[in-house]
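Reviewing the structure listed below.
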Amino acid sequence: MKIEEALTKLEEITARLEKTDLPLEEAIELFEIGLNVAAEAKKALEGARLRVDQVLERTRGTFDLEALDGS
């Protein structure tokens, strides 16, 4: 699952959980699904960070990276 899809799914789950008339069993199921989706999103983010770190390592010394604010 792509990170964007996971975030959209989490937003949908959150919106459904915020309904006060949701039966307890359904709320627990949604909570469980949400935790699984969050775990997938975390794994995707960790993978993206690893890729960025690898790119930076390969290009170390090739470019001087500056902070976005110019400092």
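So here's what we get for this one:
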| read-out | value |
| --- | --- |
| Inverse of mean 1/r across different Cα pairs in the chain, Kirkwood, Å | 14.9 Å |
| Surface per residue (accessible, 1.4 Å probe) for the chain, Å² | 89 Å² |
| Eligible lysines near Lys42 by straight Cα distance, threshold 17 Å, same-chain separation 8 or greater | Lys2, Lys9 |
| Degrees separating the helix 3-17 axis from the principal Cα axis of the chain, which is the longest one | 30 degrees |
| Ellipticity estimate at 222 nm from DSSP helix runs (n ≥ 4, -39,500 (n - 2.57)) divided over the chain, nearest 500 | -25000 deg cm²/dmol |
| Helix 24-58 vs. the chain, principal-axis angle (Cα, 0 to 90°, nearest 10) | 10 degrees |
| Lys2 - accessible surface, heavy atoms, 1.4 Å probe, Å² rounded to 10 | 130 Å² |
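The values are calculated or read from the model by the stated rules, or taken from the named source; none is laboratory data. Predicted model, so just to flag it, every value in this text is computed and none were measured. When the accessible area is computed, the model is the full protein with side chains, heavy atoms only, and any ligands, DNA or RNA have been set aside. Shrake-Rupley method; radii C 1.70, N 1.55, O 1.52, S 1.80 Å.
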